[in-house]
Amino acid sequence: MFKFAVISLIISLVAGAIGMTNVSIMAKRISLIFFGLFFLGFLALLGFAYLLGAAFNAGQQSMLLGPLLS
């Protein structure tokens, strides 16, 4: 996704420099959409990694305390 966002941004900049404003505006919108999707995916993966880290830490603590409690 990030690759497509960067490519669309480059197309937008080149089209804007040449003077094709309609193409530039459309490429800019596409670039923003791709970047937004990439960012939401990144945040979802970050949250998932945080939840997995908490689950692994809880599992390790319960394995350490299990023999002591029984």
Relative contact order (%) - the chain, alpha-carbon pairs under 8 angstrom, separation at least six: 30
Treat the count of other C-beta atoms within 10 Å as a stand-in for reagent exposure and order L40, L13 from fewest to most. L40, L13
Helix axis angle, 2-18 relative to the chain longest principal axis, alpha carbon, degrees: 20
So what J values fall out for segment 33-44 if you push phi through Karplus, 6.51 cos²θ - 1.76 cosθ + 1.60 with θ = phi - 60°, rounded to Hz, Gly and Pro as x? 5, 4, 5, x, 5, 4, 5, 5, x, 4, 5, 5
Sticking with the crude label model, points 7 Å out along Cα→Cβ, report the distance from A58 to F38 in nm, one decimal please. 3.4
Per the rule of 0.36 nm per residue minus the C-alpha distance, extending N22 to L45 adds in nm 4.8 nm
Can you check what the Kirkwood hydrodynamic radius comes to for the chain, Cα pairs only, in Å to one decimal? 15.1
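Throughout, read-outs are computed from the coordinates displayed, never taken from laboratory work. Predicted, not measured: the structure shown is a model, and the values here were computed from it. No Cβ is skipped: glycine too gets one built from the backbone with ideal geometry, and neighbour counts run over all protein chains shown.
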